[in-house]
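Student: Here it is, the structure, as structure tokens.
The values are calculated or read from the model by the stated rules, or taken from the named source; none is laboratory data. Since we're looking at a predicted model, the values are computed, not measured. Every residue, glycine as well, gets a Cβ built from its backbone with ideal geometry; the counts of neighbours run over all protein chains shown. Side chains are part of the model used for accessible areas, which takes the heavy atoms of the whole protein and leaves out ligands, DNA and RNA. Shrake-Rupley method; radii C 1.70, N 1.55, O 1.52, S 1.80 Å.
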Amino acid sequence: MPPETFDIVVVDECHRSIYGSWRQLLDYFDAQIIGLTATPTVQTAAFFDENLVADYPYEKSVADGVNVPFEIFRIRTQIGEHGGRVEKGYTVPVRDRHTRAQTYRLLDDDLTYSPQDLDRSVIARNQIRTVLETYRDTLFTELFPGRSEVPKTLIFAKDDNHAEEIVEIGREVFDRGNDFAKKITYKVGAKYAETVIAEFRNAYNPRIAVTVDMIATGTDVKAIEALIFLRDVRSAVYFEQMRGRGVRTIDAATLATITPGAGVKDRFVLVDAVGVTDSLKTQAIPLEREHGVAFDKLLEQIASGRSDEDAVSTLAGRLARLDRKLDDAAKAKIEAVAGKPLSALAGELIDAIDADKIEDAARQRHSAAVTDAQVEAVAAERREAALAAYNDPALRRVLIELKKASEVVIDDISRDVVVSSAWDEAQATTMTTDFGRFLDEHRDELTALRILYGLPAASKRLTYVSLEELRAAMMRPPWLLEPLALWSAYRRLQGEKVRANPAKTLTDIVALVRFATGQAETLAPLSSDMAGRFNLWLGREQRAGRAYTQEQLGWLEAIRDYLAANIEVTTADIQDQFGARGGILGARRAFGPRLDTLLDELQDALVA
């Protein structure tokens, strides 16, 4: 194909590997390149020369109803936060990672492990159980109040063994059968995994799916309403991709067939049991570029003369991962053979493919204006020098031996306890603070706010149109203040003052404004506030000598409920919305010529 074959090249998921293997292909064609991604990296921006032509942030998609917002529920446990210790003298199970065959070992020394060791070299079953029990116990009270069925839940595990433990313990904790919780990892096989994903997406079971990487990105399961992180993630892009598994909207009818009693999916819950929302995220280029090559095969290829950049980068990534898993004794074993720490070996490989260092070295050797051929020659020399250590069969042997070390100790002895479990306060504080700023900035502009603040306004009463205008202003950037999410934020921060969940009507914005501005001491749906005001009004009417019949009380209560949902009522509304009671003719028969005056008095008493 000649370079002019295409006018436009579209690259989907352009945060991925187009900057490595595929860049030459893209540069070859003389065409406009359009990149699409939900998670742009710094490499993405650099490749496209910072030419961002369309930006649709997650917050805006929530405001538009394309995606749903999320809330963070943080679970902290003693072992999860501080690690654990098993005293010497106990016998602990030891499991082979590959065969899952289990033997037992008598501890000659205390077994001390850190939170980072959890579910890698040590599995503390009680820590997993404690997290899942906390999730179960808060499910229908704090996370999804009023529900009776476990929502579709996706759990992120550290590796396949960890996922297996979570599935087994999850079935026990919820006292459900094998279909209730299933593992979806590469080790179960592609065909079986596809079947389980389809069931998770469309069927009642499984309610809980546990994965490592297989459905962490890309897979769309719209019915997911809860994500549980039992593994930390450092990559900002990967975390956003994983979090994105919960944002998808789904129509209520479809959701009802999958999760009975779910109602509307208006949010999802991110349950953080490892501090994934606390840790610093990085934008990074993946080091490991050849996932399909086994570690021993890669070392064999390098010993046979392979020295390309992908091999160097992949080996650096494998060694860096191995370094994090080894104890001090194993690291010392490598240093004794190599003459330097494993971290230094990995660092040399990284330096060997660092483009800036390669160019600096080329300029020092030749001149300021070096050719591409000279740069490549220096790059090849640096790679060869960094790989020279792996010509030693003793080093290769010890690396392979330690990489294949497959024991994981199981701590069945330590008991774990919940340190805390709560909604994320920082997120709620930011939202309520933004709402206060919004009210201050718009109090003189919006009719509804002018009335609620007691300022001169064109209309003396609130109207449905004025509340729609207020909600639209709240939902616009940069505010993006969704009323239901704002209500949840106040419940999180001031739970003792929030009496109930909102009725999900437009008029509950009035209750939010009154609470935020200090006009109301408690936050409750406008309907409950109106009920109290209605009783006070009836008392005043009785003292004025106006008693109402049962038929008239029925009308007044119906009008009260209509006001709670619509903030205003007219004679036209009486005709259109109260047909079952006889419309305007029925109302005039009940109240006679006083109907119009009565409607005004009720609105003044209940809405003002």
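Student: Do you know which residues across segment 66-100 are in a helix (DSSP H, G or I) and either modelled with pLDDT under 80 or of a type in the set (A, V, I, L, M, F, W, C) (or both)?
Tutor: The one that is in a helix (DSSP H, G or I) and either modelled with pLDDT under 80 or of a type in the set (A, V, I, L, M, F, W, C) (or both): I79.
Student: For segment 507-524, name all the residues that are assigned to a loop (DSSP other than H, G, I, E, B) and of a type in the set (A, V, I, L, M, F, W, C).
Tutor: A520, A524
Student: Another one. Given the criteria touching a residue at least 60 places away in the same chain (Cβ under 8 Å), within 23 Å of R245 (Cα to Cα), surrounded by 20 or more Cβ atoms within 10 Å (Cβ to Cβ) and touching a helix residue (DSSP H, G or I) at 6+ places or on another chain (Cβ under 9 Å), does I128 qualify?
Tutor: In short, yes.
Student: If I ask for residues that are in a loop (DSSP other than H, G, I, E, B), small (G, A, S) and either without any contact (Cβ under 8 Å) to a residue 24 or more places away in the chain or exposed (fewer than 15 other Cβ atoms within 10 Å of the Cβ) (or both), which ones from segment 230-263 would you list?
Tutor: Within segment 230-263, G261, G263 meet the criteria.
Student: Pick out the one residue from L315, L322 that is under 35 Å from the mean Cα position of the chain (by Cα), part of a helix (DSSP H, G or I) and at pLDDT below 85.
Tutor: Only one candidate qualifies: L322.
Student: Follow-up. If you go through segment 583-595 one residue at a time, how many are open to solvent by 10 Å² or more (accessible area, probe 1.4 Å) and out of contact with any helix residue (DSSP H, G or I) (no Cβ under 7 Å at 6 or more places or on another chain)?
Tutor: 5
Student: Right, something else. Quick check on segment 350-367. Is at least one of its residues under 41 Å from the mean Cα position of the chain (by Cα), under 29 Å from P115 (Cβ atoms), modelled with pLDDT under 85 and open to solvent by 30 Å² or more (accessible area, probe 1.4 Å)?
Tutor: There is at least one residue in segment 350-367 that is under 41 Å from the mean Cα position of the chain (by Cα), under 29 Å from P115 (Cβ atoms), modelled with pLDDT under 85 and open to solvent by 30 Å² or more (accessible area, probe 1.4 Å).
Student: How many residues does segment 198-217 hold that are open to solvent by 10 Å² or more (accessible area, probe 1.4 Å) and not in a loop (DSSP other than H, G, I, E, B)?
Tutor: 4
Student: Now for a separate question. Looking at E165, E142, can you tell me which residue is buried (at least 19 other Cβ atoms within 10 Å of the Cβ) and at pLDDT below 95?
Tutor: That would be E165, the only listed residue that is buried (at least 19 other Cβ atoms within 10 Å of the Cβ) and at pLDDT below 95.
Student: Quick one: what pairs do we get from segment 164-193, first residue within 13 Å of T211 (Cα to Cα), second among the acidic types (D, E) and surrounded by 13 or more Cβ atoms within 10 Å (Cβ to Cβ), C-beta under 6 Å, 6+ apart or different chains?
Tutor: T185/D160; K187/D160
Student: Please work out which one of (1) under 25 Å from the mean Cα position of the chain (by Cα); (2) open to solvent by less than 50 Å² (accessible area, probe 1.4 Å) is the condition L36 fails and give its number.
Tutor: It fails just one condition, (2).
Student: Given the condition within 23 Å of D266 (Cα to Cα) and open to solvent by less than 10 Å² (accessible area, probe 1.4 Å), answer yes or no: does some residue in segment 565-578 qualify?
Tutor: Among the residues of segment 565-578, not one is within 23 Å of D266 (Cα to Cα) and open to solvent by less than 10 Å² (accessible area, probe 1.4 Å), which makes the answer no.
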